[in-house]
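Q: Could you have a look at this structure, given as structure tokens, before my questions?
Read-outs: derived from the displayed coordinates by stated rules, not from any lab. Small disclaimer: the values here were computed from a predicted structure and weren't measured. Note that each Cβ is placed from the backbone with ideal geometry, even for glycine, and that neighbours are counted across all protein chains shown.
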Amino acid sequence: MRNWIPKFCALLLAMTPGVGRADEAPPAKPVGPAKVVVIPVKEQIAPPELYILRRGLKEAIDNGVQTIVLDMDTPGGRSDVTFEMLKALEKFPGKTVTYVNSEALSAGALISAGTDEIYFAPNGVMGAAAPVSGDGTDIEETMQAKMVSYLKARVRSLTDGKGYRAEVISAMIDLKSEFKIGETVIKEKDELLSLTAQEALKEYGEPPAPLLAAGIVENMDGLLDSLHGKGNWTVKRLEVTWSEKLAQYLTSIAPLLMAIGMVALFIEFKTPGFGFFGIAGGVLLAVVFLGHYVAGLSGHEPMLFFALGVILVAVEIFFFPGSIAFAVAGVALMLGSLVWSMADLWPSQPIEFTADVFLQPLVSVGIGVGLAVLIFVLLLRFLPSGGPWGRLVLDAAVGGEPGGPRPLLAGGGASSASLVGESGVAVTALMPSGQVSIGGRRYEGKLAVGYAEAGTPVIVTRHGEFSLEVEVIPS
């Protein structure tokens, strides 16, 4: 579990004048073997690869890892995911290395360009990074030109000060341009550059410098020996699991899962006991958190705050109905934790309340809340008043005992009008809202003003949208 208490303390220190500043003494150099994390970038570049990269980088920062190695063997993939992976790599303060083992084509070449060093396996190949459509077909010429220009600009920003790397990657992207060093033509016009390991290591210019590769090594262990000295390292190897692949779909439908979960919990809170709706709502909201945790966005902390919010809402409903304060605090914690779980926050970095970080989470939670309201209104409007659904959802949701009349729905009706003038007793304290028992059935009740303890005799004066208005019967 990521330790959220040190993070919170670090945030407070960063906000305190003269504390946590950049001019403090640098941290002591790590003693002992270098820590290395190897992250696979295999198959098509897609959300699961982004998720494992983001999760691996955040864990590495938490654990003081010095080096990240991308074990690269990919034919390419989605450009949007590629740019998100490049942005994630920029967050890592240590060294990032690509090991081309054995292909880094298209999007793989762009991701490799964003790391500090590129090593090749003896049979490694890298290149052919021209943009294509999602189904692999060529893009219309004008759009192709725009995308090539944009990609080349991104490459220049990523590779500044890294030898020939900007020119090499540009030659892998741009079909039309010629690439040469001095009088030596590396790539002719109307072809894309691809390099073998030996070609990437070949030196050009004065003084001579490798075209792209920092070295050729037989295997991963040989690479780590080259980086940190023979045996002077410890390594953790990550793998893309089924959970990363499942998270790709869960995060895409998170607002819908969130909405259904909130409706289920609301119905459960209005239903005596604990049953199907409470379990279903809790599971659905846990799935939302789990999906964003696996996606490398959320830690465990948001789930803890969400659980605290649920507890506060339950306290409001079952122990202090009508006090409002517990419910407001609980709902605020629940919605805030949902936003938190979707925000891409990084260890050891101050929280920035910017649109880049929180806009999309706020939109997603807003959609979820809107869907929850819509679903609840549709339940009240269209489900039958009788039968199992009427008893299970509508009657339970508004507070009557299962199978009883539904006097608390908007518009009332004959059944609610018949309760006016009926006497009963407060089942819970009315502060001013709570629950009352009328004719042996339990309803939501509300005093116009004041407070009444449980057991106080009351009389129904009128019915509201979702509760009966009552008065205390003078003793």
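Q: Go ahead and run the numbers for FRET between R156 and A332, Cβ-Cβ distance against an R0 of 51 Å, rounding to 0.05.
A: Efficiency computed from Cβ-Cβ geometry: 0.65.
Q: Looking at region 90-224, what % of its DSSP beta bridges pair antiparallel, to the nearest 5?
A: 45
Q: Label points 7 Å out from Cα along the Cβ direction at L192 and L308: separation in nm?
A: 5.1
Q: Over 31 Å between C-alpha atoms is what I'm after, so list which of K180/K230; K202/K230; K42/K91; K146/K236; K91/K189 land there.
A: Those over the limit are K180/K230; K146/K236; K91/K189.
Q: Measure off 7 Å from each Cα along the Cα-to-Cβ vector at Q360 and A209, then give the distance between these two points in nanometres to one decimal.
A: With each label point 7 Å from Cα toward Cβ, the separation is 3.5 nm.
Q: Suppose R0 equals 22 Å; then what is the FRET efficiency for E183 and A145 from their Cβ-Cβ distance, rounded to the nearest 0.05?
A: 0.20
Q: Here's something else I'd like to know. How far apart, in nanometres, would the label points at K176 and V427 be if each is projected 7 angstrom from Cα along the Cα-to-Cβ direction?
A: The answer from the label model is 7.5 nm.
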